1. Show me, for the range 3-13, the HN-Hα J-couplings you get by feeding each phi into the Karplus relation (A = 6.51, B = -1.76, C = 1.60, θ = phi - 60°), rounded to Hz, glycine and proline as x.
2. Can you show me the helix-derived [θ] at 222 nm for the chain, built from DSSP H runs with n ≥ 4 at -39,500 (n - 2.57) apiece and divided by the number of residues, rounded to the nearest 500.
3. Out of residues 5 or more away from Ser143 or on other chains, whose amide H comes under 5 Å of its own, with H placed 1.01 Å from N in the peptide plane?
4. Distance check, please: which entries in Lys24/Lys173; Lys24/Lys62; Lys100/Lys137 exceed 25 angstrom between their Cα atoms?
5. Write down the accessible area per residue of the range 76-148 in Å², having rolled a 1.4 Å probe over the full set of protein chains.
6. State to the nearest 20 debye the size of the charge dipole of the range 56-161 about its Cα centre, where the only charges are +1 on K and R beta carbons and -1 on D and E beta carbons.
7. With 21 Å as the limit, write out which pairs from Lys27/Lys112; Lys27/Lys116; Lys69/Lys182 have Cα-Cα distances beyond it, or answer none.
8. Out of the trypsin sites (Lys or Arg not before Pro) in the range 127-159, which ones are loop residues according to DSSP with at most 11 other C-beta atoms within 10 Å?
Amino acid sequence: MNISVAIDGPAAAGKSTIANIIAKKFKFMYINTGSMYRAVALLCMKNEVDYKDINQVCDLVKSMDIYFKNDRIIVNEQDLEDEIRSVAVSNNVSNYAAIKEVRTILVDIQQKMSAKYNVVMDGRDIGTVVLKNSPLKFFLTASAEARARRRYLELNNNGILVEYNNILNDIIKRDYIDSNRKESPLKMAQDAIKIDSSGLSIDDVVKIISDHIKRYMAELKVI
Ligand code: DC
């Protein structure tokens with residue numbers, strides 16, 4: 001039986017950083033599902049496919065061969081990891097992620113990945129939809145200001161100059177769309193463990209999650 005770890009939470013809560021460390025530590029595959037929705041948005045934008053044109057969006061999504069290699073997203077043999085992080089994609093991705101048909105296709109791909117490998121998967125609907133039977137579900141959150149501050153420092157450290165207030169407004173807007181959309185809104189699974197990382201270091205959060213995984217693996221007698 002494969003082990004699947006689900007990590008959900010709002011934008012910029014540190015999910016990908018934490019999920020990546022956990023995956024390396026336990027030698028599981030890391031699957032960043034937000035990257036998959038971003039890749040959909042990027043390809044649609046490049047091909048001038050509006051999110052309202054659901055048939056065309058779906059045709060394009062079905063033509064995408066998506067996999068992860070060294071934690072980078074590869075679509076139709078092209079590494080899109082850098083391009084999907086652009087501000088333009090960030091500003092448009094929620095519209096594409098709200099399309100039910102897009103979610104059905106991507107959820108199916110994600111579930112097939114978890115059937116094949118031990119995975120750490122992060123996103124918005126992992127504990128509630130994609131891995132709803134997983135016993136290892138975490139909901140990582142932090143205040144909007146703490147998240148905006150982290151994202152601001154991360155972008156500026158990477159030489160991308162941005163205004164703090166723009167980041168904060170973008171996070172508040174994305175939280176609203178992600179939490180209020182009809183299809184699989186961001187919601188904590190009832191059986192998830194909630195971790196508020198506002199006052200915690202990365203190491204603190206990694207330790208909390210690792211301890212749960214170790215306990216579970218010990219029960220299964222796989223460590
Ligand atoms: O985590 P992120 O910011 O890279 O996610 C990009 C967008 O995709 C964001 O608007 C939320 C959406 N998303 C989603 O709806 N479901 C997921 N499982 C992952 C991300």
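The values are calculated or read from the model by the stated rules, or taken from the named source; none is laboratory data. This is a predicted model, so every value here is computed, not measured. Because the Cβ atoms are built from the backbone with ideal geometry, glycine has one as well, and the counts that use them run over all protein chains shown. Surface areas here come from the heavy atoms of the whole protein model, side chains and all, with no ligands, DNA or RNA. Shrake-Rupley method; radii C 1.70, N 1.55, O 1.52, S 1.80 Å.
1. Taking θ as phi minus 60°, the curve returns 9, 10, 10, 9, 10, 10, x, x, 4, 6, 8 Hz for the range 3-13.
2. Only helices count here, giving -16500 deg cm²/dmol.
3. Residues meeting the criterion, in which the H sits 1.01 Å from N, are Ser198.
4. Values: Lys24/Lys173 32 Å; Lys24/Lys62 30 Å; Lys100/Lys137 23 Å.
With Cα atoms farther than 25 Å apart: Lys24/Lys173; Lys24/Lys62.
5. It amounts to 41 Å² per residue over the range 76-148.
6. Values: 15 positive and 14 negative charges, 101 e Å.
So the magnitude is around 480 debye.
7. Values: Lys27/Lys112 18 Å; Lys27/Lys116 14 Å; Lys69/Lys182 32 Å.
Pairs exceeding the cut-off: Lys69/Lys182.
8. Taking the range 127-159 and a limit of 11 other Cβ atoms within 10 Å, no loop trypsin sites (Lys or Arg not before Pro) are found.
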